[in-house]
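Enquirer: Quick one: structure below, then a few questions.
Quick note: the coordinates plus some simple rules give every number you see, no bench work behind them. Computed from a predicted structure; not experimentally measured.
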Amino acid sequence: MNPYLVQAALLASGLNGITTHANPGPRCDSNFHEERPPKGTRTLPSNLLDALRALDKDDTLRGALGNEVRCRVSRRSVVCKF
């Protein structure tokens, strides 16, 4: 994992939330390792292929991370499908 891409993704997401006045949703103090998440709680993808599909659908991150990341996602998705 490239730490610079992680920082760029966090900054892009945060700035997008600020500019669009996104609602982060209600606070959740649950420990998801010990109990199930409350209904309606969005969780992280459980595997690499689902994470790549989510990244491919996210216009904010695709725009912020550029063509190199899109190319890597395309190549990685092909590897994951087999």
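Enquirer: Per DSSP H run of at least 4 residues, take -39500 (n - 2.57); add these up for the chain, divide by its residues and hand me the 222 nm value, nearest 500 deg cm²/dmol.
Expert: So the helix-based figure for the chain works out to -20500 deg cm²/dmol.
Enquirer: Fully extended, how many nm does the chain gain between Lys39 and Asp59 (0.36 nm per residue separation, minus their Cα-Cα distance)?
Expert: Length gained between Lys39 and Asp59: 4.6 nm.
Enquirer: With the Cα gyration tensor of segment 5-70 in hand, convert its eigenvalues to equivalent ellipsoid semi-axes via √(5λ) and list them largest first in whole Å.
Expert: Working from the Cα gyration tensor, I get semi-axes of 24, 17, 10 Å.
Enquirer: Full extension from Leu15 to Asp50: what is 0.36 nm times the residue separation minus their Cα-Cα distance, to one decimal in nm?
Expert: Extending this stretch completely gives an extra 10.2 nm.
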